[in-house]
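Enquirer: Just passing along the structure, written as structure tokens.
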Amino acid sequence: MTSWSFAVKSLLRDLRAGELSVLLIAIIIAVTAMTAVGFFTDRVGRAIKQQAGSVLAGDLVLRAPAPPDPSFIDEARRLGLDATEAMSFLTMVLPADVDNESNALTQITAVGEGYPLRGELLVAAAMFGESERAAGIPERGTGWAEPGLLGRMNLDVGDRVRIGTVELTIARVLEYQPNQISGGMSAMAPGLLVNLADVPSFGVIRPGSRATYREFFAGPEADIATFRQRLESAAGDGIRVSGLEDAGEQINSAIDRAQRFLTLASLVTVILAAVATAMAARRYALRHLDTIALLKSIGATQSFVQNSTLSQLLLVIIGTASIGSALGFVAQQGLVLLAPATLYIELPPTSWTAGTLGLLTAATITVGFALPHLLMLKDTAPIRVLRHDMPPPKLSSGVTYGIAIGTLLLMIYSIVRDLKLVAYIAVGVGTVALLSYAAGWLLVRSLTRFRGAAGVAWRYGLANISRRGTESIVQIVAFALSLNVLLLLTVVRGDILQAWQATLPEDAPNYFLINVDPEQWPDMRAFFETELGASPEFLPFMRGKIIRIGGTPVDDYVFPGDGGKFFVRQESNFTWQGALPETNRITAGKWWGADYTGALQASLDERVAGRLGIGVGDTLGLNIGGEEFDVPVTSLRTIEWDSLRPNFYLMLSPGEVEDLPQTYVAAVYVPRDRRLVLNQFVRAFPGVTVFDLDVIMSQVRMVIDRASLSVQYVFLFTLLSGVIVLLAAIQATRDERRFESALLHTLGAGRRKILQGIAVEFTALGCLAGTLAAFGATAIGYVMAEQVFELDYTLNPWLWPLGLVLGSVIVGATGTWATRKAVTEPPVAVLREV
Amino acid sequence: MNNRPERNTGNNTVLRTRNLGKQVSSPEGPLTILDDVSLEIGAGETVALIGPSGAGKTTLLALLAGLDRPTIGDVQLCGEDLTAMDEDGRARVRGRHVGFVFQSFHLVSSLTALENVMLPLELAGAAGAAARAREALDSVGLERRTTHYPKQLSGGEKQRVAIARAFVTRPSILFADEPTGNLDAASGDRVADLLFNLNEQSDTTLVLVTHDRELAGRCDRIIELEAGRMVS
């Protein structure tokens, strides 16, 4: 008989006898979680990207300073993509009413049919009235005006304005249009949305006129990607193509955080499943030592045992990968049924990727965590058939842990794809494991003093924990691990999600006031204090260009990529400030401090610095209002864009630039029911542009909500793997416990006493594990919030009592329940099995 | 059990040891648990190893069967020098020539009685394993127990399954370690009868370790050990 056919037969026999249940379930859960998360993250990622599309007005946008080649749109339509176009330019708008002497430089956006392809236009029938979704675009001969324009020109809906030689009727107030935030801050002038077909009749666009042309495309992801390549290769100079990843920083920042949540969830699931697999494999190996010794005594060679073990593992990998992938597919289908209305779901394009992922997960976990234990079987001494008390063959701990840790690191890397983060996690997990082991050891030692305290059941239970020594510690750590997950999932998850949602509280500023003249400050502050009882914070706002990097003019500078080139080509918004804004964190260098008055310094957004290829110590040449400065970059920052506060890529130190021409920007919270106050505001301060942030805020909130939902779903698998670790830990000493109980039974102990002893043991283990878990959950929660998600985390005092109670109850009840057979089955049956 | 292959009979030596000794390390220094054992056992002979607990009976049995390696001396089983072989070599020799019956039966709990008996045949790659195993179970009177699992069998029945498993490969030599030690008197007698009958029918050499003087008395020869040395 070959080792292969023997492996198949004995695997089937073990399956039938339930020997492999926990091992298989652990691997299947890992595969299910990975494939479901794979599918799901993919879908959620795409759903969130769709949101990004609504900021851009399409999936792909081409921007050009001159009319682009019309064949682009035809070609896109031929390929089955949606396409439309728009153009924008600045022009003077005059009231048609000759008595009204006002006029305003206006940003005209002329849009074609179908605009916007993604997202929506929000309009209102009156200034700051209830906004509604616009059906279509402005009819010919009409325009939709932003409140700022109406305020500045003292107009209302129904009034007529003149552009060039043509008169238009203001049909609606334009509350929101896509692109408002990403392009909005640079658009100083209030906007008017008109029909593209009307533009030629205005007679204001002539060859050489400054206008920006945009073409929008939308369609399936793959087609868009292909089309983007064609556009980029065909597009000439000055043309910029943007995709979903170039959408507003606010959405991107929220998406980034959401992805970190999901990554972490799948990571924890895999680690837990790996732990459960290792524990189950160890138990399986220990239970099979006698069988292997017997096989060897009747002629089986080492290579036969090894080959048959490897064959069995191969079958386990194939089996668990198939079942797990199928379940993973079903699991994410379940989600489609659960939340069809709230989540944008598109079926994943190929199922084989999930299959491959499943196979890979099953193989890695099996090889990394089950193989070392099972390979030990081949070294079983055949003399074990005569001397049952022979110790099991020694596992080379270097090899075992080496393989397991190596595998785990590889898996973590495959999930996070960031070497630095892998190192960070490895050190973190290693420290947690060591600390847990040390804490477990201390706890077990401290139990001895309580042994004499109560009755025989109590003494028996506690004595067992001390006697099992290392096993008890491993068990405590395993229990703590699963309780830790439970606490993280119930308490800390809520806290962190809440902290995330708190970055965008209900009363977060929902309007930006731009273009504020410093002289208007006192009046404006008085206005808001009277009307809303609060005054907004003002930040200086200046516009300028980066002209030199490290002394080299930008035209000659070699950028690491295109991103940097685009960044310096356009004018940027700068500010100067003494104090570091709450929503910014310094990642390199040093912030100048609130009272700084020295030489000019600059602080740059970390990502922009990356795009420009510079760091702390490099010099930037700036042109602000015609004056040139060479400023050293003294710090880099990360910015919480999803906080929706006024934030700046480039900040300057106070002092030198304070006297340069500048305006101010402010953020203000206006409750929905007080929106009409803004009507008076724009009339009182016609030069100020008011930006409505409500739409972008609700988009960011939706990303947060969707991400929360998906994280909860993914955490369900993490929870399952936590439960499997719990089961594996209980199983680890189950045989021994059954045997001991049977012995006690024969010695005359009553069922109740034995059960009490078992209950005491598990409850005490659970209590110790719960304590450990509470500490762990607090530490992990803190690190996760502060370091990974960059959120402020407040300590939750409920973790400790909850950890203790949950640990005692869950481990006590589950452990006692799982071992109850030891009490209910006749002792002779148990003893006979030995 | 028919179709038995030709093998050594009569006075041909199946098992020979020379100056066999085993030392183990202990906290108090090296401990000799078997010392200078030289013996010869002929084909078809039945031999009992007796002696008080700790006399080295099980150690000697393990060395004779190649389950363990001696510290000194050598063992020749069916003409092959076990001491010169590695673990796999000894396993192959056991597979070809040896059968075992253990005090604690050592049935695989996840296998039925029939599957347990089939096991050595399957390992050896023998054809018709199921039929031969059925025949073996028949010969120990367990033809109705083929689909039972070990936990569904009594102690005596388990040992009879173990005997069937030991004889199914038609071994040259059968080692039995306290084969009746875990059984009541009636079951023990039945198992002993079976062991000797099958031994006689198949002309197998039988080496058994026992505390039971009566059982030892049924053997052709008794080797007595005391403190690791042969005293008779």
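Enquirer: Please compute the length gained on full extension between A:R585 and A:L105, using 0.36 nm multiplied by the number of residues separating them and subtracting their Cα-Cα distance. If you can, show how the numbers build up before the last one.
Expert: On the way: separation 480, 0.36 × 480 = 172.80 nm, distance 3.79 nm.
Taking A:R585 through A:L105 to full extension adds about 169.0 nm, to one decimal.
Enquirer: With point charges of +1 on the Cβ of Lys and Arg and -1 on the Cβ of Asp and Glu, referenced to the Cα centre of the range B:13-230, which listed residue (B:L60, B:P179, B:V140) lies farthest in the positive direction of the dipole?
Expert: B:V140
Enquirer: A follow-up question, please. Residues with amide H under 5 Å of A:T587's amide H, sequence separation 5 or more or different chain, H placed in the peptide plane at 1.01 Å from N; which?
Expert: Residues meeting the amide H criterion: A:L636, A:R637, A:T638.
Enquirer: Which one of A:L196, A:F629, B:S38 is farthest out on the positive end of the charge dipole of the protein assembly as shown, using unit charges on Cβ (Lys, Arg +1; Asp, Glu -1) and the Cα centre as origin?
Expert: Result: B:S38, furthest along the dipole toward the positive end.
Enquirer: Continuing with this model, one more query. Quickly rank A:97-103, A:684-690, A:375-381 as a protection proxy: mean count of other C-beta atoms within 10 Å, highest first.
Expert: Final packing ranking: A:375-381, A:684-690, A:97-103.
Enquirer: Going Cα to Cα from A:K545, which lysines come in below 22 Å? Please leave out same-chain ones fewer than 8 positions away.
Expert: Filter leaves A:K565.
Enquirer: Among A:P661, A:L310, A:F217, whose Cα sits farthest toward the positive end of the charge dipole of the protein assembly as shown (+1 at Cβ of Lys/Arg, -1 at Cβ of Asp/Glu, about the Cα centre)?
Expert: A:L310
Enquirer: Between the range A:563-588 and the range A:107-126, what is the C-alpha centre distance in whole Å?
Expert: Using only Cα atoms, the two centres lie 30 Å from each other.
Enquirer: Here's a follow-up. Given H placed on each backbone N at 1.01 Å, which residues far from A:S131 in sequence or on other chains put an amide H within less than 5 Å of it?
Expert: Answer set, sorted by chain and number: none.
Enquirer: If I model the protein assembly as shown as equal point scatterers sitting on the Cα atoms and use the Debye formula, what is log10 I(q)/I(0) at q = 0.07 Å⁻¹?
Expert: -0.78
Enquirer: Need one number: nm distance between label points at A:A17 and A:D156, each 7 Å from Cα along Cα→Cβ, rounded to one decimal.
Expert: A separation of 9.0 nm, rounded to one decimal place.
Enquirer: Further, regarding this structure: With a 1.4 Å probe and every protein chain left in place, work out the accessible area per residue of the range A:590-630 in Å², rounded to a whole number.
Expert: Heavy-atom accessible area per residue stands at 47 Å².
Enquirer: Also, quick follow-up: Kindly tabulate the residues in the range B:118-151 with an accessible-area decrease of at least 50 Å² between the chain alone and the assembly of all protein chains, using a probe of 1.4 Å.
Expert: Residues losing area: B:L119, B:E122, B:L123.
Enquirer: Expressed in nm to one decimal, what extension gain is obtained for the pair A:L314 and A:S446 from 0.36 nm per residue of sequence separation less their Cα-Cα distance? Before the final figure, lay out each step's value.
Expert: Details: separation 132, 0.36 × 132 = 47.52 nm, distance 4.43 nm.
That pair, A:L314 and A:S446, stretches by 43.1 nm at full extension.
Enquirer: Moving to a separate point now. How would B:S187, A:S414 line up by accessible area, probe 1.4 Å, largest first?
Expert: Descending order: A:S414, B:S187.
Enquirer: ³J(HN,Hα) across the range A:113-130 via Karplus (A = 6.51, B = -1.76, C = 1.60, θ = phi - 60°), whole Hz, x for Gly/Pro?
Expert: 4, x, 6, x, 5, 10, x, 8, 9, 10, 10, 9, 7, 9, 4, 6, x, 5
Enquirer: Can you tally the net charge around B:D88? Count Lys and Arg as +1, Asp and Glu as -1, for every other residue whose Cβ sits under 11 Å from the Cβ of B:D88.
Expert: Working: positive: A:K296, A:K378, B:R90, B:R92, B:R94; negative: B:D86, B:E87.
Charge balance near B:D88 sits at +3.
Enquirer: Less than 25 Å apart at the alpha-carbon level, and either on another chain or at least 8 residues along: which lysines does that give for A:K420?
Expert: A:K590
Enquirer: Note down the Stokes-Einstein diffusion coefficient of the range A:55-251 in µm²/s, whole number, using a Kirkwood radius over alpha carbon pairs, 25 °C, and 0.890 mPa s.
Expert: 142
Enquirer: Quick one: of A:K753/B:K151; A:K378/B:K57; A:K9/B:K151; A:K394/B:K57, which pairs are farther than 22 Å apart, Cα to Cα?
Expert: Checking Cα-Cα distances, A:K753/B:K151; A:K378/B:K57; A:K394/B:K57 exceed 22 Å.
Enquirer: Another question, if that's okay. What does the structure give for A:382-391 when I average, per residue, the other chain Cβ atoms found within 10 Å of the residue Cβ? If you can, show how the numbers build up before the last one.
Expert: On the way: counts 10, 10, 2, 9, 16, 5, 4, 0, 0, 0.
Taking the mean over all residues of the peptide, I get 6.
Enquirer: Rounded to the nearest 100 Å², what's the accessible area chains A and B bury against each other, both chains counted, probe 1.4 Å?
Expert: Summing both chains' loss of accessible area gives about 2800 Å².
Enquirer: Here's something else I'd like to know. If I model a spin label as a point 7 Å beyond the Cα along the Cα-Cβ vector, how far apart are those points for B:E135 and A:N623 in nm?
Expert: In this crude label model, B:E135 to A:N623 measures out at 10.3 nm.
Enquirer: Under unit Cβ charges (Lys, Arg +1; Asp, Glu -1), what dipole magnitude, rounded to 20 debye, does the range B:13-230 have relative to its Cα centre?
Expert: 500
Enquirer: Let me check against my output: what whole-number percent is the relative contact order of the range B:12-154, with C-alpha pairs under 8 Å and at least 6 apart?
Expert: Across the range B:12-154, relative contact order equals 19 percent.
Enquirer: Moving on. What is the ratio of the Cα radius of gyration of chain B to 2.2 N^0.38 Å, with N the residue count, to two decimals?
Expert: 1.00
Enquirer: I would also like to ask the following. Picking from B:A133, B:A192, B:A162, which is most flexible by a Gaussian network model of chain B using Cα springs under 10 Å?
Expert: B:A192
Enquirer: Sort A:I108, A:I205, A:I25 by heavy-atom solvent-accessible area, probe 1.4 angstrom, most to least. Intermediate values should be presented prior to the final figure.
Expert: Working: A:I108 0, A:I205 55, A:I25 80 Å².
The residues order as A:I25, A:I205, A:I108, largest area first.
Enquirer: Where does each of A:D630, B:D35 land when they are ordered by accessible area, with a 1.4 Å probe and the largest first?
Expert: Details: A:D630 90, B:D35 55 Å².
Largest to smallest exposure gives the sequence A:D630, B:D35.
Enquirer: Just order B:140-153, A:146-159 by mean Cβ neighbour count inside 10 Å, highest at the front, would you?
Expert: Working: B:140-153: 16.2, A:146-159: 21.9.
Result, highest mean first: A:146-159, B:140-153.
Enquirer: Tabulate in residue order the Karplus-calculated ³J(HN,Hα) for the range B:103-115, using 6.51 cos²θ - 1.76 cosθ + 1.60 with θ = phi - 60°, rounded to whole Hz; enter x for Gly and Pro.
Expert: Listing the rounded values in order: 4, 9, 6, 6, 8, 7, 5, 8, 10, 6, 4, 4, 5 Hz.
Enquirer: Carbon and sulfur atoms: what percent of the 1.4 Å accessible area of the protein assembly as shown do they account for?
Expert: 56
Enquirer: Can you list residues from other chains, or at least 5 along the same chain, whose modelled amide H is less than 5 Å from the amide H of B:E226?
Expert: Here B:V231 satisfy the definition.
Enquirer: For A:V204, what is the net charge nearby, where nearby means another residue's Cβ is under 13 Å from its Cβ and Lys, Arg count +1, Asp, Glu -1?
Expert: Spelling it out: positives minus negatives among the neighbours equals +2.
Enquirer: With every protein chain present, what is the per residue accessible area of the range B:13-230 (1.4 Å probe, Å²)? Present the calculation step by step, with values, prior to reporting the outcome.
Expert: Values: 8470 Å² over 218 residues.
Value for the range B:13-230: 39 Å² per residue.
Enquirer: What nm distance separates the two modelled labels at A:E537 and B:T13, each placed 7 Å from Cα along Cα→Cβ?
Expert: 9.9
Enquirer: The range A:294-316: which residues show an accessible-area loss of 50 Å² or more, assembly versus chain alone, 1.4 Å probe?
Expert: Flagged in the range A:294-316: A:L294, A:S297, A:I298, A:T301.
Enquirer: Please compute the average number of Cβ atoms from other chains found within 10 Å of each residue's Cβ in peptide A:283-292.
Expert: Mean inter-chain Cβ contacts per residue within 10 Å come to 2.
Enquirer: Give me the compactness ratio for the range A:130-174, meaning the Cα radius of gyration over 2.2 N^0.38 Å.
Expert: Cα-based Rg divided by the globular estimate yields 1.13.
Enquirer: Quick one: net charge of A:P392's neighbours, Cβ under 10 Å, K/R +1, D/E -1?
Expert: +2
Enquirer: Now for a separate question. Please work out how much length the chain gains when fully extended from A:I405 to A:W798, using 0.36 nm per residue of separation minus the C-alpha to C-alpha distance, in nm with one decimal. Working shown, then result.
Expert: Working: separation 393, 0.36 × 393 = 141.48 nm, distance 3.35 nm.
So the extension gain works out to 138.1 nm.
Enquirer: For the range A:775-780, what does the Karplus curve 6.51 cos²θ - 1.76 cosθ + 1.60, with θ = phi - 60°, yield as ³J(HN,Hα) per residue in whole Hz, taken in order and with x for Gly and Pro?
Expert: Listing the rounded values in order: 4, x, 5, 5, 5, 5 Hz.
Enquirer: OK, next. Can you tell me the dipole magnitude for the range A:603-680 around its Cα centre, using point charges on the Cβ only (Lys, Arg +1; Asp, Glu -1), in Debye to the nearest 20?
Expert: 620
Enquirer: Do any residues of the range A:1-37 lose at least 30 Å² of accessible area when the full set of protein chains is present rather than just their chain alone, and if so which, with a 1.4 Å probe?
Expert: Hits at the 30 Å² cut-off: A:M1, A:R13, A:R16.
Enquirer: Size of the dipole of the protein assembly as shown about the Cα centre, Lys and Arg at +1 and Asp and Glu at -1 on the beta carbon, nothing else charged, in debye to 20?
Expert: Taking the Cα centre of the protein assembly as shown as origin, the dipole is about 4740 debye.
Enquirer: Can you give the translational diffusion coefficient of the range A:85-148 in µm²/s, computed by Stokes-Einstein from the Kirkwood radius over Cα pairs at 37 °C and 0.692 mPa s?
Expert: 241
The values are calculated or read from the model by the stated rules, or taken from the named source; none is laboratory data. Because the structure is a prediction, the values reported are computed rather than measured. FYI the Cβ positions are ideal-geometry reconstructions off the backbone, even for glycines, and counts take in every protein chain you see. What goes into the accessible areas is simple: the full protein's heavy atoms, side chains included, and nothing from ligands, DNA or RNA. Shrake-Rupley method; radii C 1.70, N 1.55, O 1.52, S 1.80 Å.
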